[in-house]
Amino acid sequence: MLPEPPYQHGTLSKIGVLLINLGTPDAPTAKALRPYLKQFLSNSRVIEIPRWIWWLILHGIILNTRPRKSAEKYAQIWMPEGSPLKIHTEQQARLLARALEERIKPAPIVEYAMNIGNPSIAQVLQHMKERGCDRILVFPLFPQYASSSSGSAMDNLFSELKKMRNIPAVRTVKHFHDHPGYIAALAQNIRDYWAEHGKPDKLILSFHGVPRKTLDKGDPYHCECQKTGRLLAKALELYTEQYQVCFQSRFGNAKWLTPYTAVTLKELGKLKTQRVDVVCPGFVSDCLETLEEIAIEGKKTFIEAGGQEFHFIPCLNEHHDWIKALSEMTYTHLQGWLGSEPTEEETEQSRNLALEMGAIE
Ligand SMILES: C=CC1=C(C)c2cc3[nH]c(cc4nc(cc5[nH]c(cc1n2)c(C)c5CCC(=O)O)C(CCC(=O)O)=C4C)c(C)c3C=C
Ligand SMILES: [Fe+2]
Ligand SMILES: [Fe+2]
């Protein structure tokens, strides 16, 4: 069990909000990619094949080849301040804290952590406890629930809580794939883009893929992506022929959810489609998968196949409507906790009582 700060009578119980994203390497180098990929790909929710077979493949092949290849990709999208995923998540936490300050007194403490890499869930939870958070809302930034993303973040959270003597009250957000605020923010972000750059012939809604067999095993991810797609198309008043839901980032040789984004872009290119726009509603922050795989590689695939014009629409990142939706969802999930904090006066009284009773010195 982890060491615990000494229990203090009458300390103010604070509310914390912990945003969690997937995680990113510390640097765009093979040296930093190796431990990141090792942690990611050792997870049995991410790779669901017998452990010993996978151990041989991972240690014998993947960790000897992929770190260098992935580092080259990361180097193309790395920002002066660091990894885009980390920078956007940091900004989202800062903007959410500011939005909540205006609605909730005393304002909750907002932090972010990464399921893989840094800052780790373990580190940040400990830090929140030290700051006096006794009630924590854990909010994974994955709109659609998948066992490999949201489920894995929950595993990590619960295994850290298991090490604590004094466990805070914890609530978790499962998903928000159909939340009206999230859908409205996605639609507005796309409309903003189209107001500046005009409209495409086809809009591709590209979600991160997962192995096809996870759908048969009961993972709701596929259905949640389809629902987000449907609601977003409705908000944008698109006809069925004007958009398509696709799945990207296939890993390994097994069948993943289809249609594959890269295959669809190639087909659209071959059909000499004048203009295709791609947006990635399943990622709330731009990252390797959107900036390299779609904006660079996806564009190349489409143009080389004969397409004319390719546009990548950025993720929600710091969009005003997204921060509003995030704050709205947080507020909803905090119901029952808000307004129940003891006042400073009550806290002082209980401290005095404990002093009188000799419970504290
Ligand atoms: C949006 C949710 C995500 C799901 C679901 C998901 C499943 C999943 N991913 C892999 C393998 C890799 N993904 C990688 C990067 C990556 N994945 C997500 C999100 C989801 N993944 C994000 C946001 C990122 C980008 C991180 C960044 O730093 O920008 C990588 C690492 C990069 C690389 O080497 O390609 C791998 C590997 C699997 C196998 C999987 C489901 C089974
Ligand atoms: Fe991934
Ligand atoms: Fe489905």
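No lab work stands behind these numbers, since they all come straight from the coordinates. Keep in mind the model is a prediction, meaning the values are calculated, not measured. As a convention, Cβ positions derive from the backbone with ideal geometry for all residues, glycine included, and neighbour counts pool all protein chains shown.
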Histogram of C-alpha separations across region 180-313, 5 Å bin width, %: 2, 11, 20, 24, 22, 14, 6, 2, 0
Can you give me the angle between helix 121-130 and the longest principal axis of the chain, using Cα atoms only, in degrees from 0 to 90, rounded to the nearest 10? 30
Under the rule of at least 5 residues apart or a separate chain, name every residue whose amide H is placed under 5 Å from the amide H of V278. I204, H311, F312, I313
Taking 30 Å as R0, compute the FRET efficiency from the Cβ-Cβ separation of I57 and Q8 and round it to 0.05. 0.05
Kindly express, to the nearest 10 degrees and within the range 0 to 90, the angle between helix 63-77's C-alpha long axis and the longest C-alpha principal axis of the chain. 90
Going through K213/K272; K69/K266; K174/K324; K31/K324 one by one, the pairs whose alpha carbons sit over 30 Å apart turn out to be K213/K272; K31/K324
Note to self: C-alpha centroids of region 52-130 and region 1-50 sit apart, in Å, by 8
Note to self: C-alpha centroids of region 223-276 and region 277-352 sit apart, in Å, by 21
Run the reach check for K234 against lysines, Cα to Cα strictly under 19 Å, same-chain hits fewer than 8 apart removed. What comes back? K199, K202
Ranking W322, W52, W194, W78 by Cβ neighbours within 10 Å, fewest first, what do you get? W52, W194, W78, W322
Based on DSSP H runs of at least 4 residues, each adding -39500 (n - 2.57), what is the mean residue ellipticity at 222 nm of the chain after dividing by all its residues, to the nearest 500 deg cm²/dmol? -13000 deg cm²/dmol
For region 180-313: relative contact order, % (alpha-carbon pairs under 8 angstrom, 6 or more apart): 31
Rounded, prolate or oblate: which fits the chain, taking a ≥ b ≥ c as square roots of the Cα gyration tensor eigenvalues, rounded meaning a/c under 1.5, else prolate when a/b beats b/c? prolate
Looking at the chain only, what percent of DSSP beta bridges run antiparallel? Nearest 5 please. 5
What is the chain's relative contact order, in percent, from Cα pairs under 8 angstrom and six or more apart in sequence? 22
Expressed in nanometres to one decimal, the distance between label points 7 Å along Cα→Cβ at W194 and E309 is 1.4
What's the extension gain from E348 to E267 if we count 0.36 nm per residue and subtract their Cα-Cα distance? 22.3 nm
Under a Gaussian network model of the chain whose springs join Cα atoms within less than 10 Å, the largest fluctuation of N21, N189, N166 belongs to N166
Whose amide H sits under 5 Å from the amide H of A146, counting only residues 5 or more places off or on another chain, with H placed in the peptide plane? G151
Hits among aspartates and glutamates - C-alpha to C-alpha of K227 under 19 Å, sequence gap 8 or more where chains match: D178, D216, D219, E237, E241
With each label point set 7 Å from Cα along the Cα-Cβ vector, what nm distance links E237 and E328? 2.0
Only residues of region 116-148 count here: report those whose backbone N is under 20 Å from the spot 7 Å along Cα→Cβ of R94, or say none. 118-120, 124, 128, 141
Can you say what percent of the DSSP beta bridges in region 180-313, counting only those with both residues inside, are antiparallel? Round to 5. 5
